[in-house]
Amino acid sequence: MSVFINKDTKLVVQGITGRDGSFHTKQMMEYGTQVVAGVTPGKGGQTFESTVPIYNTVADAVSATGANTAVIYVPPPFAADAIMEAADSGVQLVVCITEGVPVLDMTKVYPFVKERGIRLIGPNCPGLISPGESKVGIIPGRICTPGPVGVVSRSGTLTYEIVYQLTRAGIGQTSCVGIGGDPINGTNFIDCLAAFEADPHTKAVAMMGEIGGTDEQEAADFVKHHMTKPVVGFIAGQTAPPGRRMGHAGAIISGSAGTAAEKIEAFEAAGMGVAKRPLDFVELIKARLK
Amino acid sequence: MNLHEYQAKDILKGFGVPIPPGEVATTPEQAKALAEKYGTAVMVKAQVHAGGRGKAGGVKFCKTPADAFEKATAILGMQIKGLTVEKVLVTVAADIGSEAYVGIIVDRARKKPVFMVSAAGGIDIEQVAAETPEKIKYHPVDVRYGLQTYEAMQLGFFLYQDVKLARAAAKIMQQLYAAFMASGCSLAEINPLVVTPTGEVLAVDGKMVIDDNELDRKPAVAALRDESSEEPSEVDARNNNLTFIKLDGDVGCVVNGAGLAMATMDLVKYYGGEPANFLDIGGSSNPEKVVNALRIITADTNVKAILFNIFGGITRTDDVANGIVTATKANPLKVPLVIRLTGTNEEIAMKILTENGFSASSDMDEAVQKAVALAKGGK
């Protein structure tokens, strides 16, 4: 069992013929994801890898194939339009991998998506994987294995690191969700925590946050009041100098707002386990699965 | 990207915001000439990317041109928070009756641009927010409709009782909003917005921060970047599509992804070392990025060991391996290199590295401990 995607997920890939899109579509297909369609305007009628039909628009792809999920690999200037196109096409879940989407574009996209009742994950995220069932995005499949832990993270590669360490220790995952590090994203920690709480197969949750903003503090509050399952948290950027931007638009600390110390304190106050380094997740999660 | 005050004011002026006349000077002579030209008292204001310029002595009132010469002499070349003042803005000093604050910021929680206005402007607005939050009005804007006139009037009346002043402020808020959206800002503020004794509403200081993701599609705004006010190695990195921040330690770090890069720095510290930098080579890496990363890191003479921590997703680890081989062939390293690499195309990457005499680990803790020990002179 899993959250958001499973073996019934039927995927349409926006930007399927691009460098990243084609590479990762092949990886998703090898993993077993049902890739039912691709979209590249002007290449409608062609096929990808001789098997996946390509359409000019997402609407065409959805009506021809019944796709229920879209993943976006288009360049940043086109990403906002691609998200809105997907949200207007009949799919229920839109996953935007693209990094570098202007935040003002997202102020337009966010209400558009919400009003249609569509779930958006990202942008600037690695996507998600339900091990053994389906992968949508770029999380390397071989580092995951099925099991009882739900994983949610604001970072891409840091997620891989922690999933990899869990898998090496024999601890599998129900689903791993990368929500992305941008200031405005479609799905937040609380959405994922609620989904894991509702998923009968998830027994514990690993959550990776970063400095900047207050999402982790709000998530800790949700854990305290609404979750029965144990949650272990980690904050990246404990040694980051104040006031400097560390790549992610989200990873900004100024003054006392959004520091690692503040977030870790919120985790502790919520009775969560706190990992000081990625490797600590292994023992902390193990102890909570007993 | 931060804009200087004079750049922000130029943009705001273009959208109709009333701003006292002013120009930039780089020498005391120019400052004096401007003061003579305006024929009134002026302010001489340091143009650096740092807050608290006034408290640092970088903003001075000058009654006469001779005074402007003297104050500009003192301010030009002074250090404010480690930054050297290269330029001053010489601007007509406004008669100030009252000072208000008007700002717009993209708010993560509301997922909208949010206006913050307060009649208690001029001083530290954070202090007002902390101590007297009722003195600040927050107003989120739906970008699909923009700031409507009635909304701007609500904000105007929050600042001023008088309808003329409220209207003038409302108009400025709509102009500020238009400038904010058109320039791709993540923050724009006027502080203070003043009312003069004759009843004029004027923007006396302006600040803008541009979302870096906007720069590709806004070349006119991107051209305002002042590279002389930044760390040269950070400029070099940015021009090569790397995110680099110089720190004080001796373990040079090359990592893909901001989260993993921060976690790697944290782990260096956990094992008793000090990171020399934050460096994110980003996704979709090509070998050239790695070559540039190594060039920038090795230019820092504090670096005693270099640590690669690459977890391939969209980054292909074979690209990174090829970059390491190319870079070290062209410029052999003088400090030890520790490579940790796993993920997409790992087998190919390992083969490339082994064939070229490198060893690599797939364990992060092991690699970090090794790099920390090497930086300390261990084996």
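The values are calculated or read from the model by the stated rules, or taken from the named source; none is laboratory data. Just so we're clear, the structure is a prediction, and the values are computed from it rather than from any experiment. A quick note on method: Cβ atoms are made from the backbone with ideal geometry, for glycine too, and the neighbour counts reach across all protein chains shown. Note: accessible area is taken over every heavy atom of the protein model, side chains too, but ligands, DNA and RNA are not part of it. Shrake-Rupley method; radii C 1.70, N 1.55, O 1.52, S 1.80 Å.
Numbers below:
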item	result
For segment A:86-112, residues shielded by at least 20 square angstrom of accessible area compared with the chain on its own, probe 1.4 Å	A:99, A:100, A:102, A:103, A:104, A:105, A:107, A:108, A:110, A:111
Relative contact order [Cα under 8 Å, 6+ residues apart], segment A:10-121, whole percent	23
At least 20 Å² accessible surface lost relative to isolated chain, residues of segment B:219-263 (1.4 Å probe)	B:234, B:243, B:245, B:247, B:258, B:259, B:260, B:262, B:263
Of all DSSP beta bridges in chain B, antiparallel share, percent nearest 5	75
Built amide H within the under 5 Å cut-off of residue B:313, gap 5+	B:344
Per-residue ³J(HN,Hα) for segment A:81-88, Karplus 6.51 cos²θ - 1.76 cosθ + 1.60, θ = phi - 60°, Hz, x for Gly and Pro	5, 5, 5, 5, 4, 5, 5, 9
Segment A:91-123 versus segment A:1-67: alpha-carbon centroid distance in Å	19
Theoretical ellipticity at 222 nm over chain B - DSSP helices of four or more residues, -39500 (n - 2.57) apiece, nearest 500	-11500 deg cm²/dmol
Apportionment of accessible area to carbon and sulfur, the protein assembly as shown, percent (1.4 Å)	52
Label point distance in nm, residue B:331-residue B:107, each placed 7 Å from Cα along Cα→Cβ	4.7
Virtual spin-label span in nm between residue A:26 and residue A:276, 7 Å along Cα→Cβ	4.4
Lysines with Cα under 24 Å of residue B:45, excluding same-chain neighbours fewer than 8 positions away	B:9, B:13, B:32, B:37, B:55, B:60, B:63, B:71, B:81, B:87, B:207
3J(HN,Hα) from dihedral phi, segment B:53-64, Karplus parametrisation 6.51/-1.76/1.60, rounded to Hz, x for glycine, proline	5, x, 5, 7, x, x, 10, 10, 8, 10, 6, 10
Theoretical gain in end-to-end length, residue B:376 to residue B:362 [0.36 nm per residue, Cα-Cα removed]	2.8 nm
Interface residues in segment B:96-143 - accessible area drops by 40 Å² or more relative to the isolated chain, probe 1.4 Å	B:106, B:108, B:111, B:143
Two-site FRET efficiency, residue A:49 against residue B:144, from Cβ-Cβ distance with R₀ of 35 Å, rounded to 0.05	0.35
Chain B - percent relative contact order, Cα under 8 Å, separation 6 or more	13
Solvent exposure of segment B:232-375 as accessible area per residue, Å², 1.4 Å probe	35
³J(HN,Hα), Karplus 6.51/-1.76/1.60, whole Hz, each residue of segment B:313-327, x for Gly, Pro	x, 6, 6, 8, 5, 5, 4, 5, 4, 4, x, 4, 4, 4, 5
Computed FRET value (nearest 0.05) for residue B:66 with residue B:162, which takes r as the C-beta separation and R₀ as 30 Å	0.20
Taking segment A:98-207 and dividing mean pair separation by its residue count, relative contact order in percent (alpha carbons under 8 Å, at least six apart)	32
Accessible area of segment A:1-142 divided out per residue, in Å², using a probe of 1.4 angstrom	36
Pairwise label distance in nanometres, residue B:295 with residue A:287, each label 7 Å out on the Cα-Cβ vector	4.9
Accessible surface buried once A binds B (1.4 Å probe; total of both sides; Å²)	4500
